[in-house]
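I have placed the structure first, in the form of structure tokens, so that the comments after it can refer back to it.
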Amino acid sequence: MPPTPLARLKILADSVPTARAALAEAALLRAKCRLPKGVIHVISDVHGEDGKLRHVINNASGSLRPLVESIFNGRLSTTEQRQLLALIYYPREVMRTRPELAIPTIRGPWVRTTLRQLFEIIRRQAGAYPREELRSRMVEDYRHLYRELLVEPHSGRPLSYVDEMLALLTAHEADLDAVHHACRLVRTLAVSEIIVAGDLGDRGPRIDRVIEFLKQQPKVALVWGNHDVTWMGACLGHEALIATVLRMSLRYQRLWQLEEGYGIILSPLEKLARDVYGTDPAERFLPHGEGGLRSSLQVARMHKAATLLELKLTEQMIRRHPEWGMDDRLILDKINLRDGTVLLEGVAHPLLDTHFPTLDPRHATDLSADERRCLDRLRESFMHSPRLWEHMSWVVRHGAMVTRRDHVAIFHACVPVDAAGTPLSVEIEGRPRAGRALFEALEGLVRRAYRKTASHADTDADWFWWMWAGPRSPLFGKDRMTTFERYFIKDPATHRETKNPYFQMINDADFTRQIAREMGVTSQQPLVVNGHVPVQPEKGERPVKHGGNAVTIDGAFSQVYGDRGYTLVLSSERVALAEHHHFESVEEVIQNDADIVPTVTTVCEYPQPRLVADTEEGDELSARADALEELVVAYRDGLLRERT
């Protein structure tokens, strides 16, 4: 047999039993390769900002507004266009503001007009999708209605044909639901795939709502960030990462995501704070922001209790892993409680907080009995939260350390390199790993830990912490995480975290091309895309690096960081960058057209529009079509028997 072995064709024949079926599928795949490539939106560092994320996805990073304007200018007024856009973004919320729609004689004509407007938009979008994929994005209950609306101008059937369907829906009060799902269809067709390049949670209010919203989208891929692995590890019961998640949630007063979102019981931590830190002013631990049912002082004491737990558990783990080379992070045994100082690199620094009621100088990393009881109960709560397990398992299944789309390599932070630009190695399970091999080894550890489940994750879960803060972690990219110093030492020099040389070197086009090749992108014009480090325009920083082939898309999406953010748009004509701004609320969008209208700049333009055939997806489709054609030959030559 030519290239495909007969044994492989036998496996393929199990799902494609006849030559006719193989030929039909191969023809469809070849045809799909001639379509324009789908529009991909890449977002990074959402950090729990569920409301803003929902809006940026609902308005397709601002691309739905010009589409509506191009279709309806001269036919709908500006106000009517804004009302239609608000309906597309938030159909249920808009319809709740229209009490007159409760009257069938008003609702019926409105539904007929609105659905036909929506399907004018959908017809414009539909050309980029094969019929079966378009059909799959339609809700099943209204699929026949939607197909009729889609072809209505060319079907030859009278308008009354669709009107009769809608009249029955109106009579049974199901017509508004049909409008709702048509709005969703417009939104889902605007973007073929959403990629989030790391850091779904922390700092913003609700990681649980971020994940739940992403789960509802038709096609989503994730690239894990260092904040993601803290939640993934905490879900497995990793004690240091449980403490990390608690500390971050307390620091930014984001406890609803734990209690309401995941059913995590915080009463053990409250009791520890009350019993051990009950008179502590905890001034260094006052939370950022407001909100919640607890006083700021109560949250501050819980915050301090969680921080001390994290520091102790982290140092225990570092001692378990001498191969990490992180002895400089062993600080607790260098605290002098008598004179209120800590010795770092030969310098005694005065402590800003000297109240350490659970610290035994002889055994600095040991938990007190109170801390142990608290942590045991917290661990049970994290490990037995069904929604947390559902969400983190979804993050693992849909995520990876790196992904490639349209000759673009997307990973969260960096490829750790030395001063000469050579990838740094890390010993994992007795073998040195560097560059792409490091990413693959870490991804394998993550998937293995989740296959073992929480009760058997063992030391694999320690690597989740290392990815969070290890000096050669590709998700962190700094020489140290100075958590202790930032809480307890005034001298800002001790707070410094030195970035890996990678972050400066990606300004060089040749270096970036080498990185792209290392990560599996072999195009002559590759692009490397990272998040992790917020772009600071006020300091003259720009997302597109000097070499023109590297882009940082952490645009401070979170309100805590700057409330901006970027979407990298990979379309068939160009790569563009949409810069967002503050999002007020759904109510402001509906009442005052407070849409996020991004500033869009072109990163690069293609000489000719790119087709599916020009992408990695096209390579996969062509390979399957080749195999199917060989299967056709095998059937016709009698090497395999058709099953009818």
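The values are calculated or read from the model by the stated rules, or taken from the named source; none is laboratory data. Not measured: the values here are computed from a predicted model. We place every Cβ from the backbone using ideal geometry, glycine too, and count neighbours over all the protein chains shown. Side chains included, ligands, DNA and RNA excluded: accessible areas come from the protein's heavy atoms. Shrake-Rupley method; radii C 1.70, N 1.55, O 1.52, S 1.80 Å.
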Worksheet item: Which residues does a label at residue 131 reach in the stretch 6-30, if reach means a backbone N under 19 Å from a point 7 Å past the Cα toward the Cβ?
Response: 20-30
Practice prompt. Measure off, as a whole percent, the carbon and sulfur share of the 1.4 Å-probe accessible area of the stretch 244-380, all protein chains present.
Written response: 49
Worksheet entry | Amide proton proximity set for residue 640, modelled H, under 5 Å, gap of 5+ | 635
Discussion item. Counting heavy atoms of the protein chains only and a 1.4 Å probe, report the per residue accessible area for the stretch 32-86 as a whole number of Å².
Written reply: 35
Practice prompt. Rounded to the nearest 0.05, what FRET efficiency do residue 398 and residue 601 give with R0 = 35 Å and r taken as the Cβ-Cβ distance? Could you check?
Written response: 0.75
Worksheet item: Going down the table (452/478; 304/490; 215/304; 271/334; 271/452; 37/478), which pairs top 25 Å between alpha carbons?
Response: 452/478; 215/304; 271/334; 271/452; 37/478
Worksheet item: Shape of the stretch 48-150 from its Cα gyration tensor (a ≥ b ≥ c, root eigenvalues): rounded if a/c is under 1.5, otherwise prolate when a/b > b/c, or oblate?
Response: rounded
Discussion item. For the ranges 197-206, 536-545, 122-131, what's the packing order if you count other beta-carbon atoms within 10 Å of each residue, average per peptide, and put the highest first?
Written reply: 197-206, 122-131, 536-545
Fill in: Efficiency of FRET from Cβ geometry, residue 479 and residue 369, R₀ 35 Å, rounded to 0.05
0.45
Worksheet entry | 11 Å beta-carbon shell around residue 220, net charge (K/R +1, D/E -1) | +2
Worksheet item: From the backbone phi of the stretch 280-295, what are the Karplus-calculated ³J(HN,Hα) couplings (6.51 cos²θ - 1.76 cosθ + 1.60, θ = phi - 60°) in whole Hz, Gly and Pro given as x?
Response: 7, x, 6, 5, 6, 10, 4, x, 7, x, 10, x, x, 9, 9, 6
Worksheet item: Which value in Å does the Kirkwood hydrodynamic radius of the stretch 460-599 take, with 1/r averaged over all unlike C-alpha pairs and then inverted?
Response: 17.7
Discussion item. Please list, short to long, the whole-number percent of alpha-carbon pairs of the stretch 293-373 in consecutive 5 angstrom bins beginning at zero.
Written reply: 3, 13, 21, 23, 20, 12, 5, 2, 0
Item to complete: In nm, give the distance between the simple-model label positions of residue 453 and residue 334, each being 7 Å from the Cα along the Cα-to-Cβ direction.
Response: 4.3
Worksheet, complete the sentence: Among (i) 23; (ii) 36; (iii) 13, the value of percent of Cα pairs over 48 Å apart computed for this structure carries the label (i)
Worksheet item: Got a number for carbon plus sulfur as a percent of the stretch 452-594's accessible area, 1.4 Å probe?
Response: 45
Worksheet entry | Carbon + sulfur, % of accessible area of the stretch 105-196 - ligands and nucleic acids excluded, 1.4 Å | 53
Worksheet item: Taking amide H positions as placed 1.01 Å from N in the peptide plane, with prolines and chain starts having none, which residues 5 or more places from residue 336, or on another chain, fall under 5 Å of its amide H?
Response: 341, 342, 343
Response to the item:
Computed over the stretch 515-591, protein heavy atoms only, probe 1.4 angstrom, the accessible area per residue in square angstrom equals 42
Fill in: Amide H partners (placed H, <5 Å) of residue 536, local residues excluded
541
Worksheet item: Along the stretch 351-359, what does the Karplus equation 6.51 cos²θ - 1.76 cosθ + 1.60 (θ = phi - 60°) give for ³J(HN,Hα), rounded to whole Hz, x for Gly and Pro?
Response: 8, 6, 9, 10, 9, 10, x, 9, 8
Discussion item. Given the -39500 (n - 2.57) contribution per DSSP H run of 4+ residues, what per-residue ellipticity at 222 nm results for the chain, rounded to the nearest 500 deg cm²/dmol?
Written reply: -14500 deg cm²/dmol
Response to the item:
Rounded to whole Å², per residue accessible area for the stretch 161-202 with a 1.4 Å probe reads 31
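Which trypsin sites (Lys or Arg not before Pro) in the stretch 383-492 pass both tests, a DSSP loop state and at most 15 other beta-carbon atoms within 10 Å?
Of the trypsin sites (Lys or Arg not before Pro), the ones in loops of the stretch 383-492 whose Cβ has at most 15 other Cβ atoms within 10 Å are 490.
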Worksheet item: Among residues other than residue 359 whose Cβ falls under 11 Å from its Cβ, what is the net charge (Lys/Arg +1, Asp/Glu -1)?
Response: -2
Fill in: Under the Karplus curve 6.51 cos²θ - 1.76 cosθ + 1.60, θ = phi - 60°, whole-Hz ³J(HN,Hα) for the stretch 536-549, x wherever Gly or Pro sits
10, x, 5, 9, x, 7, 10, x, 8, 6, 4, x, x, 10
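With the contact rule set at Cα under 8 Å and sequence spacing of 6 or more, what percent relative contact order holds for the chain? Could the numbers behind the result be given before it?
Values: 1059 pairs, mean separation 132.0, N = 644.
Taking the mean separation of contacting Cα pairs over the length of the chain, I get 21 percent.
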Worksheet item: So between residue 348 and residue 295, what do we pick up on full extension, going 0.36 nm a residue minus the alpha carbon distance?
Response: 15.6 nm
Discussion item. Quick check: pseudo-label points 7 Å beyond the Cα along Cα→Cβ at residue 174 and residue 616, how many nm apart are they?
Written reply: 4.2
Worksheet item: Classify the stretch 587-644: rounded, prolate or oblate, from the alpha-carbon gyration tensor (a ≥ b ≥ c, eigenvalue square roots; a/c under 1.5 rounded; otherwise prolate if a/b is larger than b/c)?
Response: oblate
Practice prompt. Could you tell me whether the stretch 141-194 comes out rounded, prolate or oblate from its Cα gyration tensor? Rule is a ≥ b ≥ c as square roots of the eigenvalues, rounded for a/c under 1.5, then prolate if a/b exceeds b/c, otherwise oblate.
Written response: oblate
